[in-house]
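S.K.: First, the structure itself, so that you have it in front of you.
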Amino acid sequence: MNSLFAQIARAASNLVARPGAFLLAVCAVILWAALGPAVHYNDRWQLWINTSTTILTFLMIFLLQNTQNHDTKAIHLKLDELLRAIGDARTEMVDLENLKDEDLEKYCAEFKALHLQAAAVLHQKTGTEAAPPAEGRRVTTRVPRSVLSAVDRKRGG
């Protein structure tokens, strides 16, 4: 049963994620709106769109959530394998998705501090300024491996 549901969910997800499915939905709404004046905007006309969109939304939540959960598990396994394969990687990072929010924030603060240290070392080496990240924003600055190694040596790692 789980396998059949997973197959149906993946097929439905792939089907509705196409431009044609969106175009079909837009056409259905346009057709519904065009029929409004012909039926004098009666209760049945409104009930049709309300009921159909509610049912479709309700069903799609389950299908899309199943697909997203499957993809997330696969990504986590790939990342876990990369962590396992890299000798210097901290293997406690493998289970981060199961940590409490407070514990995740500690790791975020640690990596933010690491970035700031790396930016300072980069500035010393190259004379360029690396702006500190704005609060709540992810850092996307690419720091050369040699700079990270220098930061690790300073940290004693």
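The values are calculated or read from the model by the stated rules, or taken from the named source; none is laboratory data. Source: prediction; values computed, not measured. Note that we place each Cβ from the backbone using ideal geometry, even for glycine, and neighbour counts take in every protein chain shown.
S.K.: Which of the residues belonging to the range 86-114 are of a type in the set (Asp, Glu) and not in a loop (DSSP other than H, G, I, E, B)?
M.R.: Of all residues in the range 86-114, those of a type in the set (Asp, Glu) come to 88, 92, 95, 97, 101-103, 105, 110.
Once the filter is applied, which keeps residues that are of a type in the set (Asp, Glu) and not in a loop (DSSP other than H, G, I, E, B), the range 86-114 yields Glu92, Asp95, Glu97, Asp101, Glu102, Asp103, Glu105, Glu110.
S.K.: Also, quick follow-up: Filter the range 1-32 down to the residues that are touching a residue at least 12 places away in the same chain (Cβ under 8 Å) and basic (Lys, Arg) and list them by number.
M.R.: Within the range 1-32, Arg10 is the sole residue that qualifies.
S.K.: Of everything in the range 77-96 that's of a type outside the set (A, V, I, L, M, F, W, C) and surrounded by 11 or more Cβ atoms within 10 Å (Cβ to Cβ), which residue is farthest from Ala6 (Cα to Cα)? Spell out how you get there, then give the answer.
M.R.: Taking the range 77-96 as the starting set, the residues that turn out to be of a type outside the set (A, V, I, L, M, F, W, C) are 78, 80-81, 84, 87-88, 90-92, 95.
The next check asks that each one be surrounded by 11 or more Cβ atoms within 10 Å (Cβ to Cβ); those that pass are 80-81, 84.
Values: Asp80: 23, Glu81: 24, Arg84: 28 Å.
Restricting to residues being of a type outside the set (A, V, I, L, M, F, W, C) and surrounded by 11 or more Cβ atoms within 10 Å (Cβ to Cβ), the top hit is Arg84.
S.K.: Condition first: among the aliphatic types (A, V, I, L, M), modelled with pLDDT of 85 or more and part of a helix (DSSP H, G or I). Can you find one or more residues in the range 129-150 that meet it? Explain how you work it out, then say what you get.
M.R.: So in the range 129-150, the residues among the aliphatic types (A, V, I, L, M) come out as 130-131, 134, 139, 143, 147-148, 150.
Pick out the ones that are also modelled with pLDDT of 85 or more and you get none.
Taking every residue of the range 129-150 in turn, none turns out to be among the aliphatic types (A, V, I, L, M), modelled with pLDDT of 85 or more and part of a helix (DSSP H, G or I).
S.K.: Condition (residue is loosely packed, with under 12 Cβ neighbours inside 10 Å, acidic (Asp, Glu) and under 21 Å from the mean Cα position of the chain (by Cα)) applied to the range 67-76: is it met by at least one residue? Don't jump to the end; show me each part of the working.
M.R.: Initial filter on the range 67-76 (loosely packed, with under 12 Cβ neighbours inside 10 Å): 72-75.
From what is left, the residues that are acidic (Asp, Glu) are none.
For the range 67-76, residues loosely packed, with under 12 Cβ neighbours inside 10 Å, acidic (Asp, Glu) and under 21 Å from the mean Cα position of the chain (by Cα): absent.
S.K.: Still on this model: Given the criterion closer than 30 Å to Ser3 by Cβ, among the small types (Gly, Ala, Ser) and either exposed (fewer than 11 other Cβ atoms within 10 Å of the Cβ) or out of contact with any strand residue (DSSP E or B) (no Cβ under 6 Å at 6 or more places or on another chain) (or both), identify the matching residue among Ala25, Ala109.
M.R.: Working: Ala109 fails: closer than 30 Å to Ser3 by Cβ.
Being closer than 30 Å to Ser3 by Cβ, among the small types (Gly, Ala, Ser) and either exposed (fewer than 11 other Cβ atoms within 10 Å of the Cβ) or out of contact with any strand residue (DSSP E or B) (no Cβ under 6 Å at 6 or more places or on another chain) (or both) holds for just one of Ala25, Ala109, which is Ala25.
S.K.: Would you please list the contacts, defined by Cβ atoms under 6 Å and residues six or more apart or on different chains, that run from a residue in the range 82-111 that is under 16 Å from Thr72 (Cβ atoms) and modelled with pLDDT under 85 to a residue that is among the acidic types (Asp, Glu) and not in a loop (DSSP other than H, G, I, E, B)?
M.R.: That search, which allows pairs on different chains as well, returns Val94/Asp80.
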